[in-house]
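The values are calculated or read from the model by the stated rules, or taken from the named source; none is laboratory data. If you're wondering where the values come from, they're calculated on a predicted model, not measured in any experiment. Here the Cβ positions follow ideal geometry from the backbone for every residue, glycine too, while neighbour counts run over all protein chains shown.
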Amino acid sequence: MRQPQRQRRSIAIVPGVLLAIAFALAAVAELPEREDGHRPLRANPPAESPSAEPAESFTGYPGAPDLTVVSRLDKLTWHPCSNCHSAMPTNPERRELMAPHQAALDHGDGRIWCLDCHAPESRDQLATLAGERVSFDQADRVCAQCHADVHQDWTFGVHGKRVGRWQGPREIYSCAHCHDPHDPGLRPRAPEPPPPVRAGLDPMPHHGHHTPLYPWFSEESAEPVQPGQESKNEEDAAG
Amino acid sequence: MKKTQPDKDINSGRRRFLGTAGAAFTVASARPAWGGSTLMDAMGSFFQDHYQRMSAEEIADAIGRIERRAQRRYGVDITCKDVKPQDNVVFGYALNISKCKGYRDCVSACVRENNQDRGSQMQYIRVLEMDSGSRNLERSEHYYDPETVPVEGKYYLPVQCMQCDDPPCVKACPVNATWMEPDGVTVIDYDWCIGCRYCMTACPYWARHFNWREPEIPAEEINPDTHYLGNRPRPRGVVEKCHFCLQRTRVGRQPACQEACPTGARIFGNLLDPNSEIRRVLATKQVFRLKEDLGTEPKFWYFTD
């Protein structure tokens with residue numbers, strides 16, 4: 001009964017496969033051949049010549065609520081930088097800096113260096129790639145050039161921190177309040193102490209969240225634990 | 001009330017009696033009795049009504065008693081306010097678990113701000129150390145104490161009162177000592193609570209805590225800025241919990257945990273304001289709530305970057 005049915009099905013598959021192969025061959029045959037054997041590229045529009053107009057500058061996200069950035073200028077150790085740099089010629093060569101600047105820049109995997117963010121001719125300002133000059137309190141404009149999505153979150157208050165009040169004018173920290181631009185990662189640090197435990201008791205054992213209902217059965221060892229061999233913590237919890 | 005001219009003889013007798021009683025009352029109320037409080041205060045506390053039934057004058061009297069009691073217990077002058085909820089405000093909280101590093105700064109700030117007992121486990125915020133990639137609360141650890149946090153392979157999930165919109169604790173309370181205020185915060189009348197702890201068993205988030213002993217706070221660490229339904233000093237034997245720092249948030253300030261968080265993981269705001277940060281989080285981020293399937297409708301969301 002079963003044998004003829006299977007034969008009939010395999011017979012039905014054969015014309016379908018043949019049809020598919022035929023279609024594939026036809027599709028290949030339709031492509032025009034080139035001398036080097038490659039298929040032609042899509043017809044891309046010609047690249048436009050660079051505009052003589054200055055690049056459009058960033059004017060903010062539509063619908064973003066107003067914000068005031070808490071100023072950091074008084075916290076900058078060497079600001080204003082022109083105190084020293086006004087007397088120094090600009091050296092545009094990439095190099096390791098000497099004190100008081102840190103030698104290594106732990107940001108951007110070596111793709112950026114000082115003058116990508118600091119304005120060469122006016123050291124009290126930062127520079128955007130579009131050639132704008134912004135103050136140190138507008139550092140977010142410089143950061144946003146690479147970290148656009150984070151910047152958008154920051155503008156809307158999803159990233160970063162609002163200071164003081166949830167109501168009224170919005171005052172927020174700038175990027176550099178939390179991230180050192182020259183070393184933006186946050187270092188691990190010691191936590192505040194854990195909750196105190198009542199005198200005479202051990203804290204709940206790590207991952208030993210329940211006192212076993214049946215102490216002779218241990219899930220982890222699968223070996224039966226003899227009654228009376230429970231750990232000290234369980235005794236404490238029971239007592 | 002209309003004044004009447006009563007009979008002269010009766011009046012003089014009554015006046016004499018009232019004079020004697022008044023003198024005795026003055027002596028009694030001037031001397032400390034009943035645990036150091038005056039008779040006046042002891043009687044006032046005994047007959048004090050439920051917060052929601054008290055008139056403005058009665059609440060003012062109660063606040064006076066609270067301030068005097070704090071002065072007696074801790075030797076500190078506190079101010080207890082009864083700021084009412086603002087119109088068109090419902091508080092909500094969002095917490096970015098990609099940002100939380102488990103520093104517990106929020107916990108210690110909360111303990112200081114809310115005059116919680118030092119030495120006991122009276123902490124409104126519990127930071128759970130969770131295995132990465134898991135949301136199994138039973139395998140969480142809140143006594144973690146490594147040298148530095150975050151620990152590799154772990155993430156941190158701070159849990160506090162979720163300010164449920166359908167709070168099971170309120171349903172459990174047999175004496176209506178806890179209720180939800182119009183700004184969405186579930187509060188407790190600490191003078192009405194009988195300490196039965198039904199609400200603690202009803203809460204699925206371990207958010208309610210019981211004062212097993214008289215809270216002990218060093219006098220210099222008392223936060224004198226208190227709220228009647230918030231961080232005023234509590235007696236022994238009552239339940240308390242996170243109240244979104246009513247003493248701060250009802251006057252527009254951020255809660256203490258948000259202010260203490262060094263990573264910016266905590267976002268607090270008005271859920272009814274479409275331009276608020278928290279509404280932006282809810283609109284643009286992947287958010288979840290703890291134990292959402294219980295239908296308690298928490299107003300506390302977690303999200304990731």
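Can you confirm whether B:Asp87 is facing chain A (nearest Cβ under 8 Å), free of Cβ contacts under 8 Å to residues at least 40 places away in the same chain and more than 18 Å from the chain's Cα centre (by Cα)?
When the stated conditions are applied, B:Asp87 does not pass them.
Would you call A:Ser71 in a loop (DSSP other than H, G, I, E, B), of a type in the set (S, T, N, Q) and at pLDDT 85 or above?
Spelling it out, A:Ser71 is indeed in a loop (DSSP other than H, G, I, E, B), of a type in the set (S, T, N, Q) and at pLDDT 85 or above.
Among the residues of the stretch B:157-191, how many are away from chain A (no Cβ under 14 Å) and assigned to a loop (DSSP other than H, G, I, E, B)?
Final tally of qualifying residues: 17.
Hey, B:Arg234 hits all of (1) farther than 13 Å from B:Asn114 by Cα; (2) surrounded by 21 or more Cβ atoms within 10 Å (Cβ to Cβ); (3) away from every other protein chain (no Cβ under 14 Å) but one; which does it fall short on?
(1)
Take A:Arg42 and tell me if it is among the basic types (Lys, Arg) and surrounded by 10 or more Cβ atoms within 10 Å (Cβ to Cβ).
No: the conditions fail for A:Arg42.
Which numbered condition in (1) surrounded by fewer than 24 Cβ atoms within 10 Å (Cβ to Cβ); (2) in contact with a strand residue (DSSP E or B) (Cβ under 6 Å, 6 or more places away or on another chain); (3) of a type outside the set (Ser, Thr, Tyr); (4) in contact (Cβ under 8 Å) with a residue 40 or more places away in the chain is the only one that B:Phe244 fails?
The number of the failed condition is (1).
Which residues, counting only those in the stretch B:91-106, are part of a strand (DSSP E or B) and either at pLDDT below 95 or more than 9 Å from chain A (Cβ to nearest Cβ) (or both)?
If the condition is that a residue be part of a strand (DSSP E or B) and either at pLDDT below 95 or more than 9 Å from chain A (Cβ to nearest Cβ) (or both), then B:Gly92, B:Tyr93, B:Leu95 are the ones that fit.
Given the conditions (1) closer than 28 Å to B:Asp165 by Cα; (2) touching a strand residue (DSSP E or B) at 6+ places or on another chain (Cβ under 9 Å), and given that B:Tyr103 satisfies all but one, which numbered condition is not satisfied?
Only one criterion is unmet by B:Tyr103, namely (1).
Mind telling me which of the residues B:Tyr124, B:Tyr74, B:Tyr143 ends up being within 30 Å of B:Thr284 (Cβ to Cβ) and among the hydroxyl-bearing types (Ser, Thr, Tyr)?
None of the others qualify; the one that does is B:Tyr124.
Here are some conditions: (1) touching a helix residue (DSSP H, G or I) at 6+ places or on another chain (Cβ under 9 Å); (2) away from chain A (no Cβ under 11 Å). B:Lys154 meets all but one. Which one does it not meet?
Condition (1) is where B:Lys154 drops out.
Taking the stretch B:279-298 as the region of interest, how many residues are closer than 21 Å to B:Pro255 by Cβ, part of a loop (DSSP other than H, G, I, E, B) and either among the small types (Gly, Ala, Ser) or within 14 Å of chain A (Cβ to nearest Cβ) (or both)?
1
Would the stretch B:202-220 turn up any residue that is over 19 Å from B:Gln123 (Cβ atoms) and either in a loop (DSSP other than H, G, I, E, B) or within 14 Å of chain A (Cβ to nearest Cβ) (or both)?
no
Within the stretch B:107-126, how many residues turn out to be more than 8 Å from chain A (Cβ to nearest Cβ) and surrounded by 19 or more Cβ atoms within 10 Å (Cβ to Cβ)?
Counting residues in the stretch B:107-126 that are more than 8 Å from chain A (Cβ to nearest Cβ) and surrounded by 19 or more Cβ atoms within 10 Å (Cβ to Cβ) gives 11.
Which residues, counting only those in the stretch A:178-191, are touching a strand residue (DSSP E or B) at 6+ places or on another chain (Cβ under 8 Å) and not in a loop (DSSP other than H, G, I, E, B)?
A:Arg189
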